[in-house]
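Remarks on the structure that follows.
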Amino acid sequence: MIKVNDVSYTYMRGTPFEKTALKNISFDAARGEVLAVAGHTGSGKSTLIQIVAGLIDLQSGSVTIDDLPVADKKIRRLVGIVFQYPEHQLFEETVERDIAFAPKNFGLSDAEISARVDEAMRQVGLDAGLKNSSPFELSGGQRRRVAIAGILALKPKYLILDEPTAGLDPLAKENLLHELFGAIKRSGVTIILVSHNMEDIARFANRVVVLAQGEIVFNGTPRELFAREEILARAGLEPPPITQLLRRLGINQIALTLDEAEKLIISRR
Ligand SMILES: Nc1ncnc2c1ncn2[C@@H]1O[C@H](COP(=O)(O)OP(=O)(O)OP(=O)(O)O)[C@@H](O)[C@H]1O
Ligand SMILES: [Mg+2]
């Protein structure tokens, strides 16, 4: 379980440029949960997840992961974080070596590393035949998968994904999310998904925390959120297109999937 309690954070504190990025943030993420963190650009999402992963030191408040304080080095093995545009960090000569890079630093045996590389490639939907390819010969979507596989190979209990589909074409995006969430959810990993895509949140998250100007303005289910127009407006977010369509048709109910929307529309005819 991740527990974030009363965390505030100011960049360049004590200078004329100081900027408060987070104010009194508290929330939990339970085992096996997919928790979305949503918010407009600059609302503090990336700052928050870097604090949760122990990459930015706390200034006030506390974060614990499985009851360990986040400053404890042991949490490095529990939490995997995939940054925005992670493929920019690929540098090895082959896909296999890139995915194996971090597990090697954990001092695992060659057999264990090789098994983890195979499993991680399956989880992100990469063909095993690509192992010996150079990451630089791959498409953007495939490179993204290689980068994510490198984190999955660490077998984190908590996986933090910062806009994992940013910049991918619609098909690559759809496939990646399906494969990733299908595979990971089955393994019981807790996921924190940073996204401003309400459709993705509707389909994959069971809870969503909304940030606006560094503060939490909502913590609940996607279904509850989409019914709260004033909160979405305050956070500068749009409800998903199917919710907007239902509203235009005068149906004041929330649908998270196309199938649900179809049933609501048909039942009204
Ligand atoms: N290294 C930094 N130094 C100073 N200010 C920063 C720094 N990083 C972020 N900020 C400021 O802190 C606030 C929150 O930024 P953050 O990157 O956490 O937002 P975000 O929600 O991730 O935005 P985006 O959706 O654009 O990724 C912004 O006002 C930003 O300008
Ligand atoms: Mg960000």
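What follows draws every value from the coordinates through simple rules; no lab data is involved. Not measured: the values here are computed from a predicted model. A quick note on method: Cβ atoms are made from the backbone with ideal geometry, for glycine too, and the neighbour counts reach across all protein chains shown.
Relative contact order (percent) for segment 122-187, with alpha-carbon contacts under 8 angstrom and 6 or more residues of separation? Present the calculation step by step, with values, prior to reporting the outcome.
Working: 32 pairs, mean separation 31.9, N = 66.
This gives 48 percent for segment 122-187.
Give me D for segment 1-147 in µm² s⁻¹, whole number, from Stokes-Einstein with Rh from the Kirkwood sum over alpha-carbon pairs, 37 °C and 0.692 mPa s.
The diffusion coefficient I find is 187 µm²/s.
Under 8 Å for C-alpha pairs, at least 6 residues apart: give me the relative contact order for the chain, rounded to a whole percent.
Result for the chain is 23 percent.
Taking 0.36 nm per residue of sequence separation and subtracting the Cα-Cα distance, how much length would be gained by fully extending the chain between Ser26 and Glu262, in nm to one decimal?
In short, 81.3 nm is gained.
So how do 98-110, 214-226 stack up, highest first, on mean other-Cβ count within 10 Å?
Top of the packing list down: 214-226, 98-110.
Of all the C-alpha pairs in the chain, what % are more than 34 Å from each other? Working shown, then result.
On the way: 8222 of 36046 pairs.
Roughly 23 percent, once rounded to a whole number.
Tell me, Kirkwood radius of segment 85-158 from alpha-carbon pair distances, in Å?
11.9
Please list, in order along segment 170-180, the HN-Hα scalar couplings obtained from phi with the Karplus expression 6.51 cos²θ - 1.76 cosθ + 1.60 (θ = phi - 60°), rounded to whole Hz, x for Gly and Pro.
x, 5, 4, 5, 4, 4, 4, 5, 4, 5, 4
Give me a comma-separated list of calculated 3J(HN,Hα) values for segment 145-150, in order, Karplus coefficients 6.51, -1.76, 1.60 applied at θ = phi - 60°, integers in Hz, x for any Gly or Pro.
Per-residue couplings from phi come out as 5, 4, 4, 5, 4, x Hz.
List the residues, sorted by chain then number, that are 5 or more residues from Ala212 or on another chain and whose placed amide H is less than 5 Å from its amide H.
Residues meeting the amide H criterion: Val217.
Excluding Asp200 itself, calculate the net charge of residues whose Cβ lies under 11 Å from the Cβ of Asp200, where each Lys or Arg counts +1 and each Asp or Glu counts -1. All intermediate terms of the calculation are to be shown ahead of the outcome.
Details: positive: Lys173, Arg203; negative: Glu163, Glu174, Glu199.
Within the 11 Å Cβ shell, the charges total -1.
Springs between alpha-carbon pairs under 10 angstrom, Gaussian network model over the chain: which of Leu22, Leu159, Leu171 fluctuates most?
Comparing Leu22, Leu159, Leu171 in the GNM, the peak value goes to Leu171.
Which cross-chain or sequence-distant (5 or more) residues have an amide H under 5 Å from the amide H of Val37, H modelled 1.01 Å from N in plane?
Counting only residues 5 or more places away or on other chains, the set is Leu193, Val194, Ser195, Val209.
Give, as a single signed number, the net charge of other residues whose beta carbon lies under 10 Å from the beta carbon of Gly39, with Lys and Arg counted +1 and Asp and Glu -1.
0
Given H placed 1.01 Å from N in the peptide plane, which residues other than close sequence neighbours of Gly220 have an amide H under 5 Å from its amide H?
Val208
So if I restrict to the alpha-carbon atoms in segment 127-189, what is the Rg, and what is Dmax, the biggest pairwise distance, in Å?
Taking only Cα atoms of segment 127-189, I get Rg and Dmax of 12.0, 33 Å.
Could you rank the peptides 77-89, 250-262, 140-152 by their average count of other C-beta atoms within 10 Å per residue, with the highest value first?
With the highest mean Cβ count within 10 Å placed first, the list reads 140-152, 77-89, 250-262.
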